[in-house]
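Only one structure is covered here, and it is reproduced in the block below.
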Amino acid sequence: EINRLLNSGCLLVLYAEGTRSRENKLLKAIPSVARYFENPNIDAIYPVAIEGSVSLLPVGSMVPRSGRAKVTLGEPLQPKELFKKAEEGLPAGMEKDVRNKVNEIVIDTVMKKLAHFLPIEQRGYYS
């Protein structure tokens, strides 16, 4: 379904951690999220950091509160370049293991870029 939407020109917003952090810090991203970046219709990935969302919609709350949040849009990252860099230096002949490792490297690269937009205390796994 996601690839169908991407192929039709829709934008995709991913929360690569898979859940909200209860400590207001970045969690380790799910490596398999990177597989969506391989879609040929994705020209760029824009890391976006949202600072202050925990006060607007606390964990467990269903109703947003009034307040301010800071949204920072990072420079675009080229998916093909991310995968190329991730694959360099990995041993040959480990197809599934290599694919999993490449996905992990790619998603961690994106998350590290995103983490730089957040205060150090909110960078969590990526500090």
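The values are calculated or read from the model by the stated rules, or taken from the named source; none is laboratory data. Predicted model, so just to flag it, every value in this text is computed and none were measured. Quick reminder, even Gly has a Cβ in these numbers, built from the backbone with ideal geometry, and neighbours come from all protein chains shown. Side chains included, ligands, DNA and RNA excluded: accessible areas come from the protein's heavy atoms. Shrake-Rupley method; radii C 1.70, N 1.55, O 1.52, S 1.80 Å.
Here are some notes:
Let's see how each residue does on (1) exposed (fewer than 11 other Cβ atoms within 10 Å of the Cβ); (2) touching a Ser or Thr at 6+ places or on another chain (Cβ under 9 Å); (3) under 28 Å from residue 86 (Cβ atoms):
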| residue | (1), (2), (3) |
| --- | --- |
| 36 | no, no, yes |
| 41 | no, yes, yes |
| 45 | no, no, yes |
| 52 | no, no, no |
| 59 | no, yes, no |
| 70 | no, no, no |
| 75 | yes, no, yes |
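- Applying the set (1) open to solvent by 50 Å² or more (accessible area, probe 1.4 Å); (2) over 21 Å from residue 125 (Cβ atoms); (3) touching a residue at least 40 places away in the same chain (Cβ under 8 Å) to residue 79 leaves exactly one unmet item: (1).
- Annotation for the stretch 18-26: at least one member residue is modelled with pLDDT of 90 or more and either within 14 Å of the chain's Cα centre (by Cα) or open to solvent by 50 Å² or more (accessible area, probe 1.4 Å) (or both).
- Residue 85 vs. criteria touching a residue at least 12 places away in the same chain (Cβ under 8 Å), open to solvent by 60 Å² or more (accessible area, probe 1.4 Å) and touching a strand residue (DSSP E or B) at 6+ places or on another chain (Cβ under 9 Å): no
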